[in-house]
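The values are calculated or read from the model by the stated rules, or taken from the named source; none is laboratory data. The structure displayed is predicted, hence computed values, not measured ones. Note: ideal-geometry Cβ built from the backbone for every residue, glycine included; neighbour counts use all protein chains shown. Areas reflect the complete protein model, heavy atoms only, side chains present, ligands, DNA and RNA absent. Shrake-Rupley method; radii C 1.70, N 1.55, O 1.52, S 1.80 Å.
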Amino acid sequence: MHPPSRQDYISINFAGQGSGSYNNSKQWRRQSCWRKWKQLSRLQRSLILILLFICGIASYPAVTEQLRGLTDGDPETERNSVFPHVLPEAVKQDHPPLPTSQRKLSNKRGPPILQNRLQKKENASNTVVEDKASDSKKEGEEEVISWRGAVIDTDQATEGTKDGENKEGSPANQKVQLSVKSANWREAVQEAFRHAWKGYKDFAWGHDELRPLSKSYGEWFGLGLTLIDALDTMWILGLKEEFEEAKTWVATELTFNKNVDVNLFESTIRILGGLLSTYHLTGDTLFLDKAKDIGSRLMPAFNTPSKIPYSDVNIGKGTAHPPRWTSDSTVAEVTSIQLEFRELSRLTQEPQYQAAVAEVMKQVHKLDGKLDGLVPMFINTNNGQFTHQGIYTLGARADSYYEYLLKQWIQGGKKENELLEDYLQAIEGVKNNLLQKSSPNGLTFVGELSHGQFSPKMDHLVCFLPGTLALGAHNGLPADHMDLAKQLMETCYQMYIQMETGLSPEIVHFNMHQGSTRDIEVKLADRHNLLRPETVESLFYLYRFTKDQKYQEWGWKILQNFNKYTKVSSGGYTSINNVRDPDYPSPRDKMESFFLGETLKYLYLLFSDDPNLISLDQYVFNTEAHPLPIWPSN
Ligand code: DMJ
């Protein structure tokens, strides 16, 4: 496929320019707000004014308290810093969040106006610095707009209101309350991010991963993995100050000219993907230049006899190799780097990136050894054949193969039929071979097949599937994909709430025999939680497409449980060993980069009612939650 020119990309436009539809300009918002205000009944207007008044009164003591707190320091932090632990005081966060007006007044609220930025991309320089310069003006406006928005956005309020908890009051009042609630939840995500970032900044700045308990860091590739993975999250959450300091580090410290072995897949999805999406969101070519640098340094991985890439590349020496013990690569790894390399070709007009990853897809498409479209877990880099055949899973080592079939098809404008065929066939394969119901409650789950033997084992990783199925249905694929998505979403949520901490283990086993007393069992070795994103990722898709409030409520519970059991007082969050022991979840002393790159980003987007905040008709998320543009049709 001939990659479109750079200019074609810049001409991506978003509905509404010059027409009567969506346009996020200040003038439009002012006019529209006033029009909507005038359309409200007198009763609705009075209710809103009373609510504003009550919030104003209620906020007075909290604001003065905050101001006192700012001058006094934080004794809690000082006490806990002597011996870090998973915060018992985070239990406080079980309480409903404070109304916005009672919280610390942040000067960086609300997401940046992404669509606006993209619409004006050709005219404006779009630097963050510029955004910063106009901050003071925006601040006041955004406060007001968030209130007006509560009224303006009523048609985005959800069906969930019908069955939700706010049965009293007028429909308009209910919608106001829902908007305020989700604004508070977004703010809680911002707080969580700031807390995670504080730990990273204090103890791991510029390193790959925070070790929050030992107040140190872990190195994997030595490339500031967490910082790069988190760049676009900060942009989307509107954390401009944090974004600026991270950007400075990228500009002044980040170098890929290092004698280090990196994993092709992990560095593609986290680093290349993170840099490309940050370039798209900000328009800052610093990130594109860095993306080109790492992308070209990863290319030696494809120099293999079969053109199926090796797992590891030395980005300084330009050499690549498989793991020491095998010449195999993982199927998910070699088939989940395509979105990023295809986009790199489109942006640079250099076809070699796209050609290399397309060759992998072409070969895998033709390979023997699939079962109804389901793929084995390994592929040999010498002969290009599947190895260790006979085991089929939607979990580790195969998961994102399925995700990227659909997402490449969407990215490329739904023209590449082989990708769609392989995806549809694979979903039929899941239904025919891997789908079962648990006992006693009939939860639908995706198990595994090993040489014809079914195992009722499901990785938490499989919880990407409800979101992917929903995305497919949204793009015109069969409606029963959405039915299945909803059933699996329920199961993934049950994997959380049936645990004593309310957090999912890494792997569960479902009971299938009649007479079972519980649906879900967890083996001792599988009780850990790594702060993974897949369930909240799927909740985000399901909420976007259905507007059913329950998905937001579920996400809120999960965030509260992360705060309760994984938050470390001195900064950061930690993975834990035992989701079944609320008294001692046994912290592991590691904050994975995807907690900032994915988990918190998806939670924030889940709590947003703005479908244009990373529109799913304009962006496709890579498997590390980095949004990349859907290519324009021309
Ligand atoms: C992330 O790196 C990606 O989401 C990947 O697809 C799977 N593993 C982690 C998150 O769980």
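Brief remarks follow.
- Filter pass, Gln425 being closer than 21 Å to Thr623 by Cβ, in contact with a Gly (Cβ under 6 Å, 6 or more places away or on another chain), open to solvent by 10 Å² or more (accessible area, probe 1.4 Å) and not aromatic (Phe, Trp, Tyr): yes
- Candidates are the residues of the range 584-609 that are assigned to a loop (DSSP other than H, G, I, E, B) and out of contact with any helix residue (DSSP H, G or I) (no Cβ under 7 Å at 6 or more places or on another chain); the one that is most open to solvent (accessible area, probe 1.4 Å) is Tyr584.
- Failed item in (1) crowded, with 22+ Cβ neighbours inside 10 Å; (2) outside any helix (DSSP H, G or I), with Asn612 passing the rest: (1)
- Residue identified as in contact with a Gly (Cβ under 6 Å, 6 or more places away or on another chain) and under 27 Å from Glu624 (Cβ atoms) among Leu539, Leu488, Leu530, Leu471: Leu539
- For the range 338-361, the condition holds for no residue, the condition being that it is surrounded by fewer than 17 Cβ atoms within 10 Å (Cβ to Cβ) and within 17 Å of Leu223 (Cβ to Cβ).
- Yes/no for Val180 being out of contact with any Gly (no Cβ under 6 Å at 6 or more places or on another chain) and open to solvent by less than 10 Å² (accessible area, probe 1.4 Å): no
- Residue within the range 493-515 that is open to solvent by 20 Å² or more (accessible area, probe 1.4 Å), at pLDDT 95 or above and closer than 28 Å to Asn475 by Cα present: yes
- Scanning the range 617-634 for residues that are out of contact with any strand residue (DSSP E or B) (no Cβ under 9 Å at 6 or more places or on another chain) and at pLDDT 95 or above, we see that the one that is farthest from the ligand (Cβ to nearest atom) is Pro632.
- Qualifying residue in the range 475-484 (condition: in contact with a strand residue (DSSP E or B) (Cβ under 8 Å, 6 or more places away or on another chain) and either of a type in the set (A, V, I, L, M, F, W, C) or surrounded by fewer than 17 Cβ atoms within 10 Å (Cβ to Cβ) (or both)): yes
- Flag set for Tyr541, criterion: within 16 Å of the ligand (Cβ to nearest atom), under 30 Å from Gln408 (Cβ atoms) and at pLDDT 95 or above.
- Note on the range 275-295: residues that are more than 23 Å from Ala355 (Cβ to Cβ) and either touching a residue at least 40 places away in the same chain (Cβ under 8 Å) or not aliphatic (A, V, I, L, M) (or both) amount to 7.
- Enumeration of residues in the range 557-576 that are touching an Asp or Glu at 6+ places or on another chain (Cβ under 7 Å) and of a type in the set (Gly, Ala, Ser): Gly571, Ser575
- Residue tally, condition part of a helix (DSSP H, G or I), under 17 Å from the mean Cα position of the chain (by Cα) and away from the ligand (no atom under 16 Å from the Cβ), over the range 223-242: 4
Residue by residue, here is whether (1) closer than 21 Å to Asp589 by Cα; (2) out of contact with any helix residue (DSSP H, G or I) (no Cβ under 6 Å at 6 or more places or on another chain); (3) within 16 Å of the ligand (Cβ to nearest atom); (4) in contact (Cβ under 8 Å) with a residue 40 or more places away in the chain holds:
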position: Met495; (1), (2), (3), (4): no, yes, yes, yes
position: Thr501; (1), (2), (3), (4): yes, no, no, yes
position: Pro505; (1), (2), (3), (4): yes, no, yes, yes
position: Val508; (1), (2), (3), (4): no, no, yes, yes
position: Gly515; (1), (2), (3), (4): no, yes, no, yes
position: Asp519; (1), (2), (3), (4): no, yes, no, yes
position: Arg527; (1), (2), (3), (4): yes, yes, no, yes
position: Pro533; (1), (2), (3), (4): yes, no, yes, yes
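- Residues that are in contact (Cβ under 8 Å) with a residue 24 or more places away in the chain and surrounded by fewer than 20 Cβ atoms within 10 Å (Cβ to Cβ), drawn from the range 387-396: Thr387, His388, Gly390, Ile391, Ala396
- Here Leu420 meets each of (1) touching a residue at least 60 places away in the same chain (Cβ under 8 Å); (2) of a type in the set (A, V, I, L, M); (3) away from the ligand (no atom under 16 Å from the Cβ) with one exception, condition (1).
- For the range 520-555, the candidate set comprises residues that are farther than 20 Å from Arg580 by Cα and aromatic (Phe, Trp, Tyr); within that set, the residue that is most open to solvent (accessible area, probe 1.4 Å) is Phe545.
- When the range 326-359 is filtered for residues that are in a loop (DSSP other than H, G, I, E, B) and closer than 14 Å to Leu288 by Cα, the ones remaining, listed by number, are Gln349, Glu350.
- The set of residues from the range 438-454 being on the phi < 0 side of the Ramachandran plot, more than 16 Å from the ligand (Cβ to nearest atom) and touching a residue at least 24 places away in the same chain (Cβ under 8 Å) comprises Ser438, Ser439, Pro440, Asn441, Leu443, Thr444, Phe445, Gly447, Glu448, Leu449, Ser450.
- Number of positions in the range 261-319 that are hydroxyl-bearing (Ser, Thr, Tyr), assigned to a helix (DSSP H, G or I) and more than 16 Å from the ligand (Cβ to nearest atom): 5
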